[in-house]
Amino acid sequence: MMQLVVLSGFVLAAAAPFLFRWLGDRTAAIMALFPAALVLWLLAQWPTVVAGEPLWLEMAWVPGLGISLDFLIDGLSLLFALLIAGIGAFVLLYAGEYLRGHPDLPRFLVIITAFMMSMLGLVLADNLVALFVFWELTSITSYLLIGFNHTDLPARKAALQGLLVTVAGGLALMAGLVMLAIAGESWSLAELATRGDSLREHPLYTPMLLCVLLGAFTKSAQFPFHFWLPNAMAAPTPVSAYLHSATMVKAGIYLLARLQPGLGGTELWIVILSLVGALTMFTGAFQAIRHINVKKLLAYSTVMALGTLTMLLGIGTEGAMVAFVTFLLAHSLYKGALFMVAGILDHETGTKDVTAMGGLRRVMPLTATVALIAAFSLAGLPPLLGFIGKELMFESVLDASHLTALILLLAFMAAFLTIAVAAIVALRPFFGEPHQTLRVAHEPPLAMLAGPAVLAALSLLLGLVPGSLDGLVGVTVARLGAGEASVHLALWHGINVPLLLSLAGLVLGWLVYRRWDRVRARLAYLDPLMARGPEAGYDALMAALVRLAEWQTRVLQNGYLRNYLAVTLLVLVALVGHAFFFRHAARFDVSIDVYLHEAVAVGLMIAGAVAACLMKSRLAAVAAVGVMGFSIALTFVLFSAPDLAITQLLVETLTVILLVLVLFRLPRFANLSAPGERLRDLIVASAFGLMVTLLMLAVLAGERLPRISDYMVDNSQPQGHGHNIVNVILVDFRALDTLGEIFVLALAAVGVYAMLRFHAAEGSRPATKRPRASDDGE
Amino acid sequence: MVRSGTLILNVAARFLLPLQLLFSVFLLLRGHDEPGGGFIAGLVAAGAFALYLFAFGLRALRAMIRVSPRDLVGFGLLFALLSTLPAWWQGEPFFTSQWWTVPIIDYKASTPLIFDIGVYLVVLGSVLTAITALTETDREHDA
């Protein structure tokens, strides 16, 4: 089963450090065999999928909540899975060389393999919940990979920024997916795709669309959230090649494409997606030519490509969907290759500055060839796949139903600026006069060249024989709800408007490249304006968040236990009381039979509580509380709940133990609170007690509700194989709750430990003064 | 502040510790059918170690249990999580309980039992973490 393959991939990730100890430098290459095998398996599924029969792999997860681990392999997920596994194999191979001798290479292998599996899960999962889990896993692994050089402050900062932006979007996405499931009455993407009409007319349509878009836009670095992606270039280059160009940043695009049949086609969808996409496209291309760092150049051109894809989804015609799939594939191939070339340049010359390189084609001819082919595809020159993608893109922009002139203008400007970017990346370092660089450059090892070479070769091959993609593209477009498309990709479409646009773009792009240094100097005047871009907004938001946190810490988390208690109890009283009296007309049952021994136990409890409040010595007060605890245990015994009674007794014992440990450290037991405060505490306590009492009485009156305990009693032995119902509930029927509780317990233990250690480290100073959070938020 | 206890406490702790631990395992194993279970058993075991701590001090306790209490918490969570997985292997939903019979001694083993062991370890580890951390700060405070 594919699911177990993905899950065992995580096991492989965890095993990487041990493999490394055993296999040494070959580990990465050997681990690359795993995704390589996946590629072969996926290729074997190609004929079935292209024949229009998506592969269903069922697997139950939490059927009671409609959550499954079903995998669906259709055209779109096959394409994505092939890219993820294929580029993943090369990236592993490449990283083994790129990071050779790096002390943290095993850690890198762990995270990148975990990422690969999360990403595979994301594109294969059919269930919204499973998709969301994998979605968040990719955000977390991306965070760890951007911050891989964790001693480097900018890297940590960029990692945190990427995480916060994508996870904030993820939160919105979760809300959107829940609304989607409510409106569509299903958690299955395949189901939802068939319910487009009812989804589009649902009252929740607008909020759910906006939430989903927020999630997708942050993940896929759309304007105005694009700023995290260029900063993410602090990651090692294999990561940039893999996560931040070929795979993860396309997750948002993938989700939009998946939801296109369900949510797409409305005015709102078309306008938002085409506008945001076109703006992103232009911003990316424009920002790219301002930079001299080769990775930043490529990162901004990735932003441009992501914008193009979003725009095409927005246009949503059949032609646009064909362009979408073609452009997606073309971009992953050439951008993966170019990033790996950029890594080679960095590795061989010791600099990322394109203006500091030149004439390298003489010492590294193979790399230069690969770079040229990939850059031709980026520029959209025939006969490469990128050319077909760009022509199709222009064609669909011309056919767009909304905002045609605006997006055409933005698309054209983005296209010629991209040509300039392609020329800068591929010509500047390899041609012209040789420059003195930090290291003496020569061809990289084969393992590093293999990936970009294969990807570039594919760009060329698929450009020459685009017909081989007809089946896959056709089936994908059909699944995206754009009709029964019989697709024929071709290199030559005759002389038409797109071709003329391309030619004009080529001339303009070449001009920009020739005068790049001057253009850049001119654009430097805009720097103050750029500094006020969306990233400044992000920084302001973060600063405001820190101030808010400081304020609420001073007000709510002030370190006084009694205030915490008062706030918690009052909130409970308010919430429960509201639900109780205003939302449901509460009925009370006050006719209760009380036996004498029960009354005695209750009397003891009350006496203990009152005594505890009045005692003048600490030990006496604790003893009084103990009396109360033992009376509660007694009550449990009287109502035949031995487990609860035992637990209560043990907790009382433990309290004594803890008290003995802290007894001599506590301040003198003085009457610390003023009469006014005592009155306030009395009111809070009485209100809470009253509310709980009323709640109990109402529960006793509520006989109309079916009793859950009957089910537990009846099924504990036959289904849970146990006679102790409490235990069966804890470890079987409600085990998920227990799992949550023990996690809370573990967290509490860590908290106690941290607090005490922290206090000890501070010496005898009081723990009220805390160090301010440092700038990178750690 | 906690120092080694009196002779009576020392002797009692030495003899009570194994008995209490045995009792806690007994409570753990019988928990599914009779009063007991991982939570209660964990508390009993923690009480046993606390007694030992009072009698012989922190260093002796550390030397005896060898693993860090925080590791116990981690292992406990891991056990609890692992107990959810065999169901997948059987093609059943996540967390479905699985029952096996150990051949010769005819004992019922199950994933709920593994889960309960996880609970036991988490409870034991958490309480011990708190107790040892308190003792530790206490000692540093005195120094």
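Can you compute the FRET efficiency between residue A:267 and residue A:182 using 1/(1 + (r/R0)^6), with r the Cβ-Cβ distance and R0 = 22 Å? Round to the nearest 0.05.
0.45
With angles folded into 0 to 90 degrees, how steeply does helix A:267-288 sit against the dominant principal axis of chain A? Use alpha carbons for both and round to 10.
Tilt relative to chain A: about 60 degrees.
Per residue of B:118-125, what is the mean number of Cβ atoms on other protein chains within 10 angstrom of that residue's Cβ?
Other-chain Cβ atoms within 10 Å of each residue's Cβ, averaged: 4.
Just to confirm my numbers, what's the Cα centroid distance between the range A:53-87 and the range A:420-434 in Å?
42
Looking only at other chains, what is the average number of their beta-carbon atoms within 10 angstrom of each beta-carbon in A:720-726?
6
Put +1 on the Cβ of each Lys and Arg and -1 on the Cβ of each Asp and Glu in the protein assembly as shown; which of A:49, A:595, A:416 then has its Cα farthest toward the positive end of the dipole?
Most positive-ward Cα: A:416.
Taking +1 at the Cβ of each Lys and Arg and -1 at the Cβ of each Asp and Glu, which of A:406, A:725, A:301 sits farthest along the dipole of chain A towards its positive end, judged by Cα position relative to the Cα centre?
Result: A:301.
Given R₀ = 41 Å, FRET efficiency for residue A:532-residue A:18 by Cβ-Cβ distance, to 0.05?
0.25
As I understand it, the dipole of the range B:7-142 uses +1 on the Cβ of Lys and Arg and -1 on the Cβ of Asp and Glu, about the Cα centre. Which of B:99, B:77, B:7 lies farthest toward its positive end?
Result: B:7, furthest along the dipole toward the positive end.
Extending each Cα 7 Å along its Cβ direction at residue A:26 and residue A:542, get the distance between those two points in nm, one decimal.
Placing both labels 7 Å along Cα→Cβ, they lie 4.4 nm apart.
What dipole magnitude, in Debye to the nearest 20, does the range B:7-142 give about its Cα centre under +1 on Lys/Arg Cβ and -1 on Asp/Glu Cβ?
Magnitude of the dipole: close to 320 debye.
Describe numerically, in nm with one decimal, the distance between label points set 7 Å from Cα along Cα→Cβ at residue B:82 and at residue A:488.
Going by the 7 Å Cα→Cβ label model, 6.1 nm.
Pull out a ≥ b ≥ c, the square roots of the eigenvalues of the alpha-carbon gyration tensor of the range A:620-687, then state rounded if a/c is under 1.5, prolate if not and a/b is larger than b/c, and oblate in the remaining case.
oblate
Using the Cβ atoms and a cut-off under 13 Å, what net charge is assigned to the surroundings of residue A:381, where Lys and Arg are +1 and Asp and Glu are -1?
Here the count lands on 0.
Label points 7 Å out from Cα along the Cβ direction at residue B:65 and residue A:465: separation in nm?
6.7
Would you order A:74, A:589 from fewest to most other beta-carbon atoms within 10 Å of each residue's own beta-carbon?
So the ranking, lowest neighbour count to highest, is A:589, A:74.
Can you tell me the FRET efficiency between residue A:431 and residue A:104 if r is taken as the Cβ-Cβ distance and R0 is 35 Å, rounded to the nearest 0.05?
0.45
What residues have an amide H closer than 5 Å to that of residue B:33, excluding those fewer than 5 places away on the same chain, when H is modeled at 1.01 Å from N in the peptide plane?
So residue B:33 has HN proximity to A:723, A:724.
Order the peptides A:458-469, A:38-49, A:322-333 from the highest to the lowest mean number of other Cβ atoms within 10 Å of their residues.
Result, highest mean first: A:322-333, A:458-469, A:38-49.
For the residues A:254, A:564, what sequence is obtained by ranking on other C-beta atoms within 10 Å, fewest first?
Taking fewest neighbouring Cβ atoms as first place, the list is A:564, A:254.
Which of the lysines could a cross-linker span from residue A:219 if the Cα-Cα distance has to be under 22 Å and same-chain partners fewer than 8 positions apart are dropped?
A:157, A:250, A:295, A:296, A:335
Neighbouring Cβ atoms within 10 Å as the yardstick, rank A:495, A:388 fewest first.
Lowest count first: A:495, A:388.
Can you give me the C-alpha center-to-center distance between the range A:347-375 and the range A:245-301, rounded to a whole angstrom?
For the range A:347-375 versus the range A:245-301, the Cα centre distance is 28 Å.
Please compute, for peptide B:74-84, the average count of beta-carbon atoms on other protein chains lying within 10 Å of each residue's beta-carbon.
2
Quick check: Cα centre of the range A:505-521 to Cα centre of the range B:77-142, how many Å?
A separation of 65 Å, based on Cα centres.
How much length, in nm to one decimal, is gained on full extension between residue A:748 and residue A:194, taken as 0.36 nm per residue of separation minus their Cα-Cα distance?
Length gained between residue A:748 and residue A:194: 194.8 nm.
Net charge within 15 Å of residue A:739 by Cβ-Cβ distance, Lys/Arg positive one each and Asp/Glu negative one each, not counting residue A:739 itself?
So the environment of residue A:739 carries a net charge of -3.
Each value in this text was obtained by applying a stated rule to the coordinates, not by laboratory testing. Not measured: the values here are computed from a predicted model. Because the Cβ atoms are built from the backbone with ideal geometry, glycine has one as well, and the counts that use them run over all protein chains shown.
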